[in-house]
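Engineer: Mind having a look at this structure? Questions to follow.
The values are calculated or read from the model by the stated rules, or taken from the named source; none is laboratory data. Bear in mind the structure is a predicted one, so any value in this text is a computation, not a measurement. Neighbour counts run over all protein chains shown; Cβ positions are idealised from the backbone, glycine included. For accessibility, only protein heavy atoms count, side chains too; no ligands or nucleic acids. Shrake-Rupley method; radii C 1.70, N 1.55, O 1.52, S 1.80 Å.
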4 protein chains.
Amino acid sequence: MIEVGIFGATSYTGLELISLLVNHPYACIGFAASFSKAGEILSDSFPKMPPLPLISPGEADLSSVDLVFLCLPHGEAAETAIQALEAGCKVIDLSADFRLKDAAVYKQWYGKDHPQPDLLADACYGLTEITRESISGCSLVANPGCYPTSVLLPLYPLVQEGLLHGQVIVDSKSGVSGAGRRPKETTHFVSVNDNFSPYSIGRTHRHLPEMEQVLQDWGSGQTGMLFSPHLLPVSRGILSTIYAPTKNGTNLDTLHNLYQSTYQNEPFIELLAPGKHATLAHVVHTNMCTIGIALADSTVILTAALDNLIKGASGQAVQNMNAIYGWEETSGLIFTGGHHAST
Amino acid sequence: MIEVGIFGATSYTGLELISLLVNHPYACIGFAASFSKAGEILSDSFPKMPPLPLISPGEADLSSVDLVFLCLPHGEAAETAIQALEAGCKVIDLSADFRLKDAAVYKQWYGKDHPQPDLLADACYGLTEITRESISGCSLVANPGCYPTSVLLPLYPLVQEGLLHGQVIVDSKSGVSGAGRRPKETTHFVSVNDNFSPYSIGRTHRHLPEMEQVLQDWGSGQTGMLFSPHLLPVSRGILSTIYAPTKNGTNLDTLHNLYQSTYQNEPFIELLAPGKHATLAHVVHTNMCTIGIALADSTVILTAALDNLIKGASGQAVQNMNAIYGWEETSGLIFTGGHHAST
Amino acid sequence: MIEVGIFGATSYTGLELISLLVNHPYACIGFAASFSKAGEILSDSFPKMPPLPLISPGEADLSSVDLVFLCLPHGEAAETAIQALEAGCKVIDLSADFRLKDAAVYKQWYGKDHPQPDLLADACYGLTEITRESISGCSLVANPGCYPTSVLLPLYPLVQEGLLHGQVIVDSKSGVSGAGRRPKETTHFVSVNDNFSPYSIGRTHRHLPEMEQVLQDWGSGQTGMLFSPHLLPVSRGILSTIYAPTKNGTNLDTLHNLYQSTYQNEPFIELLAPGKHATLAHVVHTNMCTIGIALADSTVILTAALDNLIKGASGQAVQNMNAIYGWEETSGLIFTGGHHAST
Amino acid sequence: MIEVGIFGATSYTGLELISLLVNHPYACIGFAASFSKAGEILSDSFPKMPPLPLISPGEADLSSVDLVFLCLPHGEAAETAIQALEAGCKVIDLSADFRLKDAAVYKQWYGKDHPQPDLLADACYGLTEITRESISGCSLVANPGCYPTSVLLPLYPLVQEGLLHGQVIVDSKSGVSGAGRRPKETTHFVSVNDNFSPYSIGRTHRHLPEMEQVLQDWGSGQTGMLFSPHLLPVSRGILSTIYAPTKNGTNLDTLHNLYQSTYQNEPFIELLAPGKHATLAHVVHTNMCTIGIALADSTVILTAALDNLIKGASGQAVQNMNAIYGWEETSGLIFTGGHHAST
């Protein structure tokens, strides 16, 4: 049994993480730190959460825990990471601070110098299904962005097989929890309900360089990818519709076999029958990424769905912790109980 | 390990039950019968469900199971119950067929003769927290209605203490899954979204005689109760606001102590601090009934919330099975995994 | 053609008012003042709104307009009202500042001294259908609260006929726009979606003394009324379910005739056939108040629905302006265009 | 003043049309026919609708009206069209029966022979902004599909200017009213709420050949277009995100000027400033099509929003009627009244 600490415990990803960890067989929560609610009891503000005391970040005793999860804004996360590493903790960072390998790219997209550029080389990108080998010995894991997880997992088999041929267009749709818990005009119920809104479309969203970096690492020549996120009137879930041009001559059965052979042993990837499409109902409240494959002439159209707070954030973070310690990767991530009617 | 059979497996309550049973430590599913989808695999039509084969009701081998759950329309349930009992199975009936003790009252509210009036005397009413003693040796359990569960659990302490004094008014609000899975004009997304509708208000809903019967059994003189259900634009959850007149002289602390002493050891009842009110966010996707207590002059205003498909149906059915067999009552009913952001 | 000024133009009620006034045959907008968006063009921030310049409240030239609408927080509204009255403008105040006739009651419920107690005696309560006579010569109209409008209009015939006999219980449900446009935790999409929450129940909401004052003015002895508001996951609309005890011997046809004779010439009141209940779908995006009447033993159960931003606020404010000037009361309030599918 | 008849009056598009026509200055409703509700009064089933008597289609006196609107299923519409034309009526058909010019293509996509192939040559495609000249003398107008309207209006300026260069990808999202009023599993509230689902993606949806036919008529070489519709959890509205490759060298200002010069006098097209994106909030409950333009390298990314029941169906049908008779094109289509908070 290890002890873990959580920074940013009252963010949506922090809360989700706590929900998962209270049922984890090998990890227990050493402390939960929150800047805004320090001194309070978690369950007082959040129905259904356990009665954990919330401490201020400054009170956190890093020597008492084996690993910390950082559910902090970018910038802040890197500062906490260095302290935790120096105290001998392993770190899983749910922010964007260690996803980009190049400090110059970070500065370009995040508008400021990287707070800990020397750490960048040490960080492992935690797309568990693909990078679990490297994670296993790693002290600093960069948990992938929610959108990139929904795009990279479905593209991986195409890239590996060298089938991708031309510009990828990703049209993504996310629920509101992706925008965080702080109230804003754009997340007001009246702004979102009955509405649907594109934002940061084309080549302007911060998750774009993250996706291109990984695709290039995998050997795809992808540099002009388009990525268009939209805000859905739902609380949770991402669905990405991905238009991937391929060389002529592919057929749907071959593609399906490729995906099946790549992912058949993955407990958190569900591959749909050819012609079936992923929906939010497949994945919400689970750690699954569901993938549908269609083909129109030479364009593969992938639909991929996941729960942005679980597989797109805290669930994948737990999966990465499981990979670090060599535990069964599903530990703490197979949920029970009645969800069908929310689908 | 016992084997259970499910009739009506593709109703909302059937699906919910299967979700629960696949994780139950002491029960496994022997068969799942569905009239409309016999011959199909459950997961083909319902994302997130297990790949169970669905048989037709006529193919069910009652001798192969220890207990059956009936997720059937009223009338039909009673006919299946008698066969199952004769085959030596225990029966937990989620329909209304065995809730009313008096066949004449059944006829008045359901518009036809009771199909098995001789069985009525044998049925135990399965409001587990209150009736678990009688359930333990019982072969035929009538699972309570979803609305009655949300009304009777919060009223019980008042009635037991003799505090109820005058006409109770219940204003209830339910999510759409309470209306069943069969598509109707009234459950079309466009009819429900952005809308809120009263129905069967006053003394016209079939759950009224069920509630009055139980309150009278408990010794309350309640005969003119008002009950007004409303349809909420949510998938799941019931919230009942209950106006219970009491004798003068009660105060909120005394009331709270009464509730605390009654329910402090109940794992599925959450009592809120005085002045806090129950919301759907407290309970959705759990087997909890959350109760808030307020007092205005001499009227106790109770707010009670539950998930209509879990505590209001299939979760309570599993809880009743646990009571029949003397298993830990929480078996299969403590869920894990990240739900807070749906609240 | 008169000129009107609007203070608080970018509140929900201000925006709604502008939507109505741009199509009013006898009134045009002289200025629209906004503290937070002064200097901007209205349509830049709000899709579908006209390109009105927004001025700061201090720049408003009161001498240039005939009437001002105050869509301001309480306290602030009274301060602007006195200036406008001194400048010779008529005032329609959508805040709570002039609804309560007694400054002591105001202090008790709003927690501070009334800013202009001397004006209280001059204010007319603008429940147009009932008080239009007094409004016609009035310079300061207190526009009723949204909840009180949904309660007082349906109760009026009972009170007038002397049928009310005992404690009235009002269980109200409102959409989120009632909570205002400023983002808060409680109005975040994720907090509201799939949820339903009681708040300020019993005898604690500020609209309670307003309703009791009016009922007492009408000669009802009502002093212990209960009022329980709840937050609905919809953008607009209020539905109040009202339990009104009467003397024995009433019957539904008599009641229906009473309502019909009271309201038959009212263009903004729709009386449903006996046994039909009001829903949000009847009223959203209109200036209607729809009323359903049911009877259970001696309790009349009224369901009343209205759009909180129109009949519950800005629509009723325009109706009051029409009454002040003796214009056809429906001027600017009969809308066209396709709404059925939002019902 | 002309008299019009409506077939399919209780479909969503029929209801919307009636809402519009009751306020039209030059047209009044001669009859409203409904197969399913013949003999009833419209307002009895549909709150907010006028109390029109509904006749059975067979009772319709075609000689009594000048024009008929067909809100009927495809196949059925063509049969009624021929009768109406023979009786001397003009016809505006909201079904798909006269959109495709080639009976062989119709058969391929609709699975049966075209019922009236001889009429195909007479039909005008009613994309009003583009084809109003031809509509003006036409007796049979094929009202465009909802999706095609949201795609063709934004693409038109690019095609006219010869800028389109390569495969267009359209990722569309529609509200549930697009699926019709008949209850189905897929339109059940519980299936749609909290969900988001792709369907008929790639080259499989019936609106694809309609779009390609028009683009080819306009001289674009488009033959391999991809079109992916998705079902949104909203009642109304379509948003199409369109990826249109162009020749190198375009810039955003030039594009914006092109769109402005094309559409500046169109009352129902709103062109957003460069970098702003269309949302459902811009258009719901109006006859507007709102268009946003972005540019990423050489790909133009258009966002276009409209209300599927108004600009995508019944509003455009009225606009076409106005064009036929040479009336002000906005007649009956400029709505008043408070809609901002549904945005």
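Engineer: Could you please let me know if B:Glu266 is of a type in the set (Asp, Glu) and in contact with a Gly (Cβ under 6 Å, 6 or more places away or on another chain)?
Structural biologist: When the stated conditions are applied, B:Glu266 does not pass them.
Engineer: Also, quick follow-up: Any chance you could count how many residues in the range C:152-188 are of a type in the set (Asp, Glu) and closer than 27 Å to C:Ala9 by Cα? Break it down into steps so the answer makes sense when it comes.
Structural biologist: Residues of the range C:152-188 that are of a type in the set (Asp, Glu), as a first pass: C:161, C:171, C:185.
Now narrow it down to the ones that are closer than 27 Å to C:Ala9 by Cα: C:185.
Residues in the range C:152-188 being of a type in the set (Asp, Glu) and closer than 27 Å to C:Ala9 by Cα: 1 in total.
Engineer: Sticking with this one: For A:Leu226, only one of the following conditions fails: (1) away from chain D (no Cβ under 14 Å); (2) surrounded by fewer than 23 Cβ atoms within 10 Å (Cβ to Cβ); (3) hydrophobic (A, V, I, L, M, F, W, C). What is its number?
Structural biologist: (1)
Engineer: Now, a different point. Do you know which residues across the range B:37-48 are at pLDDT 95 or above and surrounded by 13 or more Cβ atoms within 10 Å (Cβ to Cβ)?
Structural biologist: Across the range B:37-48, the qualifying residues are B:Lys37, B:Ala38, B:Glu40, B:Ile41, B:Leu42.
Engineer: Quick one: would you say B:Ile18 is without any contact (Cβ under 8 Å) to a residue 40 or more places away in the chain, crowded, with 23+ Cβ neighbours inside 10 Å and touching a strand residue (DSSP E or B) at 6+ places or on another chain (Cβ under 8 Å)?
Structural biologist: Yes: the conditions hold for B:Ile18.
Engineer: Given the conditions (1) without any contact (Cβ under 8 Å) to a residue 12 or more places away in the chain; (2) assigned to a helix (DSSP H, G or I); (3) within 13 Å of chain D (Cβ to nearest Cβ), report the number of the one that A:Ala281 does not fulfil.
Structural biologist: Answer for A:Ala281: the failing condition is (1).
Engineer: Quick one: in the range B:198-240, of everything that is in contact with a strand residue (DSSP E or B) (Cβ under 6 Å, 6 or more places away or on another chain) and β-branched (Val, Ile, Thr), which residue is nearest to C:Ile169 (Cα to Cα)?
Structural biologist: If we take residues in the range B:198-240 being in contact with a strand residue (DSSP E or B) (Cβ under 6 Å, 6 or more places away or on another chain) and β-branched (Val, Ile, Thr), then B:Ile201 is nearest to C:Ile169 (Cα to Cα).
Engineer: Can A:Ser298 be described as among the hydroxyl-bearing types (Ser, Thr, Tyr), open to solvent by 20 Å² or more (accessible area, probe 1.4 Å) and in contact with a strand residue (DSSP E or B) (Cβ under 6 Å, 6 or more places away or on another chain)?
Structural biologist: Working: among the hydroxyl-bearing types (Ser, Thr, Tyr): yes; open to solvent by 20 Å² or more (accessible area, probe 1.4 Å): yes; in contact with a strand residue (DSSP E or B) (Cβ under 6 Å, 6 or more places away or on another chain): yes.
So A:Ser298 fits the description; yes.
Engineer: A further question on this structure: Report, by residue number, each residue of the range A:158-176 that is at the interface with another protein chain (Cβ under 8 Å from one of its Cβ atoms) and hydrophobic (A, V, I, L, M, F, W, C).
Structural biologist: Answer for the range A:158-176, where residues must be at the interface with another protein chain (Cβ under 8 Å from one of its Cβ atoms) and hydrophobic (A, V, I, L, M, F, W, C): A:Ile169, A:Val176.
Engineer: Within the range C:331-342, identify whether any single residue is away from every other protein chain (no Cβ under 12 Å) and at pLDDT 95 or above, and answer yes or no. Don't jump to the end; show me each part of the working.
Structural biologist: Of all residues in the range C:331-342, those away from every other protein chain (no Cβ under 12 Å) come to none.
No, the conditions are met nowhere in the range C:331-342.
Engineer: Would you please name the residue that is surrounded by the fewest Cβ atoms within 10 Å (Cβ to Cβ), looking only at residues in the range A:49-77 that are touching a helix residue (DSSP H, G or I) at 6+ places or on another chain (Cβ under 7 Å) and aliphatic (A, V, I, L, M)?
Structural biologist: Taking the candidates together, the pick is A:Leu62.
Engineer: Being within 17 Å of A:Ile92 (Cα to Cα), within 9 Å of chain B (Cβ to nearest Cβ) and out of contact with any Gly (no Cβ under 6 Å at 6 or more places or on another chain) is the filter here; which residues of the range A:1-46 pass it?
Structural biologist: Residues satisfying the conditions are A:Tyr12, A:Leu15, A:Leu17, A:Ile18.
Engineer: I'm trying to understand the selection: among the residues of the range D:177-199, which are closer than 19 Å to A:Pro233 by Cα, open to solvent by 30 Å² or more (accessible area, probe 1.4 Å) and either among the small types (Gly, Ala, Ser) or facing chain B (nearest Cβ under 9 Å) (or both)?
Structural biologist: Result: D:Gly178, D:Ala179, D:Thr186, D:Ser191.
Engineer: Only one of these conditions is not met by D:Asn287: (1) closer than 20 Å to D:Ser174 by Cα; (2) open to solvent by less than 10 Å² (accessible area, probe 1.4 Å); (3) within 14 Å of chain A (Cβ to nearest Cβ). Which number is it?
Structural biologist: (3)
Engineer: Separate question: Restricting to the range D:200-211, give me the number of residues that are among the charged types (D, E, K, R), more than 7 Å from chain A (Cβ to nearest Cβ) and open to solvent by 30 Å² or more (accessible area, probe 1.4 Å). Write out each step before concluding.
Structural biologist: Taking the range D:200-211 as the starting set, the residues that turn out to be among the charged types (D, E, K, R) are D:203, D:206, D:210.
Narrowing further to those that are more than 7 Å from chain A (Cβ to nearest Cβ): D:206, D:210.
Keeping just the survivors that are open to solvent by 30 Å² or more (accessible area, probe 1.4 Å) gives D:206.
Number satisfying all stated conditions: 1.
Engineer: Output the number of the condition that D:Val214 fails; it satisfies all remaining conditions of (1) at pLDDT below 95; (2) away from every other protein chain (no Cβ under 13 Å).
Structural biologist: In the conditions (1) at pLDDT below 95; (2) away from every other protein chain (no Cβ under 13 Å), D:Val214 misses (1) alone.
Engineer: Here's something else I'd like to know. Open to solvent by 40 Å² or more (accessible area, probe 1.4 Å) and either more than 14 Å from every other protein chain (Cβ to nearest Cβ) or more than 26 Å from D:Cys124 (Cα to Cα) (or both): does that describe D:Gly88?
Structural biologist: Details: open to solvent by 40 Å² or more (accessible area, probe 1.4 Å): yes; either more than 14 Å from every other protein chain (Cβ to nearest Cβ) or more than 26 Å from D:Cys124 (Cα to Cα) (or both): yes.
Yes, satisfied.
Engineer: Okay, moving on. Can you tell me which of C:Thr262, C:Thr254, C:Thr250, C:Thr241 is away from chain D (no Cβ under 14 Å), out of contact with any Cys (no Cβ under 8 Å at 6 or more places or on another chain), in a loop (DSSP other than H, G, I, E, B) and more than 26 Å from D:Leu21 (Cβ to Cβ)?
Structural biologist: Sole residue among the options that is away from chain D (no Cβ under 14 Å), out of contact with any Cys (no Cβ under 8 Å at 6 or more places or on another chain), in a loop (DSSP other than H, G, I, E, B) and more than 26 Å from D:Leu21 (Cβ to Cβ): C:Thr250.
Engineer: Something else: Looking at the range C:134-171 only, could you name the residues that are crowded, with 24+ Cβ neighbours inside 10 Å, in contact with a Ser or Thr (Cβ under 6 Å, 6 or more places away or on another chain) and not β-branched (Val, Ile, Thr)?
Structural biologist: Those that are crowded, with 24+ Cβ neighbours inside 10 Å, in contact with a Ser or Thr (Cβ under 6 Å, 6 or more places away or on another chain) and not β-branched (Val, Ile, Thr): C:Tyr147, C:Ser150, C:Asp171.
Engineer: For the range C:234-256, what are the residues that are open to solvent by 10 Å² or more (accessible area, probe 1.4 Å) and without any contact (Cβ under 8 Å) to a residue 60 or more places away in the chain?
Structural biologist: Those that are open to solvent by 10 Å² or more (accessible area, probe 1.4 Å) and without any contact (Cβ under 8 Å) to a residue 60 or more places away in the chain: C:Asn248, C:Gly249, C:Asn251, C:Leu252, C:Asp253, C:Thr254, C:His256.
Engineer: Sticking with this one: Mind checking whether some residue in the range C:97-107 is more than 24 Å from C:Asp122 (Cα to Cα), out of contact with any Leu (no Cβ under 6 Å at 6 or more places or on another chain) and open to solvent by 40 Å² or more (accessible area, probe 1.4 Å)?
Structural biologist: no
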